[in-house]
Amino acid sequence: MSLRRGIDGFFFTPLYRKYPFGGRPNRGTNESGYWKATSPSKMIYHPHNKNRVLGYRKSLIYFFGRSPEGVENVRSNWRMHEYSIKKTSTTNRDHKDDMRLQLDDWVLCKIFIQTHAKCHRSTSINYPTSRT
């Protein structure tokens, strides 16, 4: 799948846990790299009621490499905005359900290329893929 300059990619995806008992999502992409959050989530407010939070937007950058600590990592110009809906209630789950690797959340992701005025690249850009 490829993107053309000025066209963004959108998709829904579930969040998976990085660790069985943790709440941190796994943002790795097989062996080719990972998405790293650049700042805390920003709140998205209701257009007619600025006191009502509807959801959140998290900004991420794609890095080529194995892990945040590795020396092979290369920062890319790929960006992602991850949109999530505010939870309205919590459910009590038993301990067995906490072993699930999928978090309860699905998110909407917008992937795009961060362009700069001095950047002159081809008009067709491929998604990052694994090296396998």
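Tabulated values for the structure
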read-out: Qualifying residue in the range 37-59 (condition: loosely packed, with under 10 Cβ neighbours inside 10 Å, out of contact with any Ser or Thr (no Cβ under 7 Å at 6 or more places or on another chain), modelled with pLDDT of 85 or more and of a type in the set (S, T, N, Q)); value: yes
read-out: Search result, residues across the range 61-74 that are under 20 Å from Pro25 (Cβ atoms) and either loosely packed, with under 10 Cβ neighbours inside 10 Å or modelled with pLDDT of 65 or more (or both); value: Ile61, Tyr62, Phe63, Phe64, Gly65, Arg66, Pro68, Glu69, Asn73
read-out: Near pairs, Cβ below 6 angstrom, 6+ apart or cross-chain, from the range 6-27 (free of Cβ contacts under 8 Å to residues at least 40 places away in the same chain and within 19 Å of Arg79 (Cβ to Cβ)) to any residue that is hydrophobic (A, V, I, L, M, F, W, C) and not in a loop (DSSP other than H, G, I, E, B); value: Arg27/Trp35
read-out: Residue within the range 1-24 that is among the aliphatic types (A, V, I, L, M), at pLDDT below 90 and either in contact with a His (Cβ under 8 Å, 6 or more places away or on another chain) or part of a loop (DSSP other than H, G, I, E, B) (or both) present; value: yes
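The values are calculated or read from the model by the stated rules, or taken from the named source; none is laboratory data. Since we're looking at a predicted model, the values are computed, not measured. When we count neighbours, we look across all protein chains shown, and the Cβ atoms used for this are built from the backbone with ideal geometry, even at glycine.
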